[in-house]
1. Using a 7 Å offset from the Cα along the Cα-to-Cβ direction at both C:K71 and A:Q52, what is the distance between the two label points in nm, to one decimal?
2. Run the numbers on chain C and let me know its relative contact order in percent, using alpha-carbon pairs under 8 Å that are six or more apart.
3. Leaving ligands, DNA and RNA out of it, work out the accessible area of B:E167 with a 1.4 Å probe and give it in Å² to the nearest 10.
4. Kindly work out what percent of the DSSP beta bridges joining two residues of the protein assembly as shown are antiparallel, to the nearest 5.
5. Over the Cα atoms of region D:229-273, compute the convex hull volume and normalise it per residue, giving Å³.
6. Considering only protein heavy atoms, with the full assembly of protein chains and a 1.4 angstrom probe, order B:H93, C:H3 by accessible area, largest first.
7. Among B:L222, B:L274, B:L173, which one shows the biggest mean-square fluctuation in a GNM of chain B, springs joining Cα atoms closer than 10 Å?
8. With no solvent and one point on each alpha carbon, what is the Debye value of log10 I(q)/I(0) for region A:178-319 at q = 0.09, 0.10, 0.21 Å⁻¹?
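The values are calculated or read from the model by the stated rules, or taken from the named source; none is laboratory data. On a predicted model such as this, the values are computed, not experimentally measured, just so you know. Note that each Cβ is placed from the backbone with ideal geometry, even for glycine, and that neighbours are counted across all protein chains shown. Ligands, DNA and RNA are excluded from the accessible area calculation, which covers all protein heavy atoms including side chains. Shrake-Rupley method; radii C 1.70, N 1.55, O 1.52, S 1.80 Å.
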There are 4 protein chains.
Amino acid sequence: MSHRKLRMGMIGGGPGSFIGAVHRIAANMDGQIELVAGSFSSQPEKSRQAGQELYLPEERVYSSYEEMFEKENQLPEDQRIDFVSIVTPNHVHFDPALKALKSGFHVVLDKPMTLTYDEAKELNRVIEETGLLFCLTHTYTGYPMIKEARQLVINGVLGKIRKIYVEYPQGWLWKSFDTSENKQAAWRTDPSKSGIAGCMGDIGTHAFNLAEYVSGLKLEKLCADLQATLEERVLDDDGSILLRFENGASGVLMASQVASGAENNIKIRIYGDLAGLEWQQDDANTLLLKYPEQPDRIYRAGANHAYLSSITRKNSRTPAGHPEGYLEAFANHYLNFAKTLQAKISNQDPDPDFLDFPGAEDGVRGMAFIENVVKSGKSDQKWTPFQL
Amino acid sequence: MSHRKLRMGMIGGGPGSFIGAVHRIAANMDGQIELVAGSFSSQPEKSRQAGQELYLPEERVYSSYEEMFEKENQLPEDQRIDFVSIVTPNHVHFDPALKALKSGFHVVLDKPMTLTYDEAKELNRVIEETGLLFCLTHTYTGYPMIKEARQLVINGVLGKIRKIYVEYPQGWLWKSFDTSENKQAAWRTDPSKSGIAGCMGDIGTHAFNLAEYVSGLKLEKLCADLQATLEERVLDDDGSILLRFENGASGVLMASQVASGAENNIKIRIYGDLAGLEWQQDDANTLLLKYPEQPDRIYRAGANHAYLSSITRKNSRTPAGHPEGYLEAFANHYLNFAKTLQAKISNQDPDPDFLDFPGAEDGVRGMAFIENVVKSGKSDQKWTPFQL
Amino acid sequence: MSHRKLRMGMIGGGPGSFIGAVHRIAANMDGQIELVAGSFSSQPEKSRQAGQELYLPEERVYSSYEEMFEKENQLPEDQRIDFVSIVTPNHVHFDPALKALKSGFHVVLDKPMTLTYDEAKELNRVIEETGLLFCLTHTYTGYPMIKEARQLVINGVLGKIRKIYVEYPQGWLWKSFDTSENKQAAWRTDPSKSGIAGCMGDIGTHAFNLAEYVSGLKLEKLCADLQATLEERVLDDDGSILLRFENGASGVLMASQVASGAENNIKIRIYGDLAGLEWQQDDANTLLLKYPEQPDRIYRAGANHAYLSSITRKNSRTPAGHPEGYLEAFANHYLNFAKTLQAKISNQDPDPDFLDFPGAEDGVRGMAFIENVVKSGKSDQKWTPFQL
Amino acid sequence: MSHRKLRMGMIGGGPGSFIGAVHRIAANMDGQIELVAGSFSSQPEKSRQAGQELYLPEERVYSSYEEMFEKENQLPEDQRIDFVSIVTPNHVHFDPALKALKSGFHVVLDKPMTLTYDEAKELNRVIEETGLLFCLTHTYTGYPMIKEARQLVINGVLGKIRKIYVEYPQGWLWKSFDTSENKQAAWRTDPSKSGIAGCMGDIGTHAFNLAEYVSGLKLEKLCADLQATLEERVLDDDGSILLRFENGASGVLMASQVASGAENNIKIRIYGDLAGLEWQQDDANTLLLKYPEQPDRIYRAGANHAYLSSITRKNSRTPAGHPEGYLEAFANHYLNFAKTLQAKISNQDPDPDFLDFPGAEDGVRGMAFIENVVKSGKSDQKWTPFQL
């Protein structure tokens, strides 16, 4: 029995949203998902406008997500949405996700999972209870060469891991903004919308997730130095963290949103007792394998490269040398989620190569990371245990 | 009056096609186009299979493009396809394109335009006659930083252009292939399907198009050295060409498909009497401006960069540092084509920033390039004039 | 009155010494210094052998540095050495340096200054007392683009400094060595020869010195996480340190000698409230200036580049594009030291552009860094004040 | 029997000479050579001034090279110069080299060998006749990774060579110069001093030499397109050449001195039927090995890398990650020349790893290259045979 195209409803992502547009492109790209409904803004007029620009029929554009859940569930099963994609600011993650699940819809949710750690635990409970699929879009683990990196670690190529450096330098909050003009800056620097962390919630969680994903190691304790660089800032806009992992490996996580001139070059380096690896977003199709007494090797993304793992190749759309980027990494999460959901709907066994997308555990750990980082940041003690 | 989503029918792109999948991703990405019909293979069973995998209704999957044109024209205007996307090998470009135009459908066509130069001129005549839109997918001019490069030349930043180096080194035809197993290699090395040139038709035309696009200069004469490196090859699999442009600028075009280990790093360097520029696909989001007595400058793609031209920014989907790649460059041609076609359908003036996609003139010049390169390759004379 | 070539005596640097050969090349390069004497090993036979290989007359090759100081002082003034270059392991820094000074010879000394902080303070006292010239070869501040970086900071191009990342990843101590075969590894992992720190003394001090040199800021407090990764190691072979500088800027220093596959790519990034800069040894002739809303700029080393500071240009030997490297950076310290010493000898005012070489203050601060890092590494408190 | 330090006399290299200073640094660096005499300018006063700045005794600074040859030969054998280093403009190469040889002195000569091809043949004859050592300083073959590249070709790693791209883009002659102020530009654009070629003599010969050196192939025919870009130029300041080598391999040589903003990034790429290699001066310590179906490999310069050939390692002074550059490459020619000459003087067999420096054959072929390029540039025929 063959699969069918999945139907998506979107929550948030109205005029001016950066991440909403990214989610739509990612969902569109591979032709497995169709946007059929949405509640794009808490202001009904804006939602309507967004729906029109997205060529949706008027009756599938809703004034609230509650309305969407209700009305969609009144539609025949072969028309109603299969899942929702939630792309709102952090403080509007928990409620729509919870209600979507309780209304029987699978969920794709932008990170971080929720506004608070408690919400994350509760959401996780409901996900487990309902048995519905849940994907948290930690973009960077969608990159094919990050998947390859993880496979190389699993296959023992690096040996025992000793050292993890992960960094995410940005500069876009380098100066004061008129927050009425810069919505992105406005909500991210507002604790009521962003949560207890700024930079660490927004991008630190990505770096943390990437480190644990590639290394396969769990963080054990940490020592954080957080900054609110600009006087007006209530939340951290920069921070550096010493890390210790469960196997004794040490590391450093650096994240900044005030590194003037830096763009978005998230980078990870992991060193084991046999070899090391390096990857950075600015050269995303390259993974560098470093050896102590041999030439380094350049692994390159490409659906055609037999030396790459099958997972890596299935997360590539083109042969080597046709650069794929951020949007394709994002789309890989949607593709993996879609393939898994299609199999579920068809009562088939999913292709194991497509099961790899971030989920509730990543979300809960991410929220715990925020909790622990903020706690450590305030502590005079060097080490704060990573508590779940 | 608002626009509507466009309906696309595809010709070719069945199982195993590389470029068909690329076209579909490019068409899907921005949510302006919906694939609603197709004739995906000359073998009806394969076409049907492709249609099913693409979630098309059976009745919109056709056994031939002739059938598609006829049946689609019998559908109500608000259901029938607006345009076709033709992604077949070169020898199946002319006929479907011609018939599509004569059936009233706009056309997106993979490059090179046709099998022969005469076909290209005839197709061009029909395009002009019908007044329908035509887009030829020379991928690389879709890159935002290539559009920026062109704007910088137009704005005089480089001064008078002196020198153009353009290169396209590939290695994928480095050895003999069992052509029954490698379809891509099979048709590209077969003159009946590829035309009178191999490497020069497949990738040399891209390099030529890129050079003329960025520089704004027309080629005046050329001196080609073509190779059929492997004994079994009938067509060139490698070549280098000395170039002279209309303003006296000189240049070199290098293309190879037997450069063992090379991937796909098309690169252009242009030097004027004030400054130079460099761009290569492996670092596609960077454009390097080189100055004789000042620090070089790194222009970076990004919808947010106010220093970039408005055209460049509209061909970017993300802020700087979120790498876009080959698929986005491809999608830009579809997006520009779509926006222009939507305006045409709505009887509106198109946004001038979206008029920039390769068309019939590029196609005719590309076919003339092939003619002239092959002629020069056989000549004992140094210079062969570029004849249209 | 013109200058004269300076006469150098070397202490250490016998067979198998890496850094001895580097010092000789650096001293030779610019033709301002002649090696005329030496005590190359504590084993007289090895010293003799080294002297012979270096084409020195037998009578100027000594069995001990004490002998060298005594005998050289018996030579006529126009033959005797002007200064000594001390290139022994750390535990043989203090005594020869002290005795050289007390014998009236200027001193060039490899880093770190001494085995202990107390020795450093004492040596510093004697340097001040004697008024003799002292150069400590912190290689990396000899790079022209590092000098340019410092000038840019001084000139306010970066604005107020917020963030300093400095890293020095090496992998050469990645595994256990037979220390009878690997002399470099042997003494560096032995506290009696290396001091209380391993990695932090060997390369952490370089990173620290580089950060303070370029930023012009003094470290105020720190939080160190040190590792002795291999079981056999007594001293740290890896460490990461959170930093806070006197103006409130924060930072991170990472150094490792067990980062398998890493070579020697010391790197510094500094972000101010106006702009940022990046430099790394693997691309030593490039300094990247990063701006929030303008294209980044590539500053390139080159004696011909008028946009560079005069200090930078005088520390370059070739026009842009002729890469200078590690040995030239090292030679710049010798050149600056030599020019300053020549002026002193001639009772002339030295060229201020050549006064810039690391000296006693760098040495004392480097030893204090080691003290404070080790102290912080053992502490449960997050912050350890940087105490002099 | 041990070696001794060699004594060098220099011809040319007075005030304002770029290449004279480079030769001196290169000769100094390894402590095998001492500059003891010189005739630094045709103007005695300038020669004297240079000698003084170089700390030479007055009596060893000569007014003419003829005087130097005569007077040096009157000195005792253990004081007189062993060889001369000639660093004058092209039109003053033949005469001093010839007279040096005839006076019994070995010769190091800057490239190109002579002003004319006939001079080169005559000089070659005299070199053979006298049996004296001769080194022509084609800098780029002194780079360790270029030596490694040659070894990899010799060892068959690339298989049969198919394609050679070599390029040398410079921009320093991008505009008109007041030649009274810019001596470098003045003589290089003057046929009476530079010879029949400008750019092709100055840097094209380097690219040609590099291509033949690494590939081990001899050029068979060529097709040149030369430009005198600026109206005032008599000689070429730019050119591109199609190449065919003896084994059928094809190639392209590009050289320019008017590529505005380009520095000096000479680059070579060679593709065989098994693998390809890439090297460029801007990343001189890296050699990229490219494989069709495996990860590429990064070979890195370093005296410690056991995977490198013994020749490569002996031409490196430091372990991997301590970048060596242009001056070290230059110094390698002096070092190899010196080691060979020391062996000759000592009647010992030279170390075969140090025999590798460019000599008379390179010089004669370089001059033939100039002849043939200029001839081809004027020809209407596509191919001009490479005639010796």
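1. Between C:K71 and A:Q52, the label points sit 9.7 nm apart.
2. Relative contact order here is 19 percent.
3. B:E167 exposes around 10 Å² with every protein chain in place.
4. Taking every DSSP beta bridge within the protein assembly as shown, about 60 percent pair in antiparallel fashion.
5. 91
6. From most exposed to least exposed: C:H3, B:H93.
7. Looking only at B:L222, B:L274, B:L173, the biggest GNM fluctuation is shown by B:L274.
8. The Debye formula, applied to the Cα set alone, gives -0.38, -0.46, -1.29.
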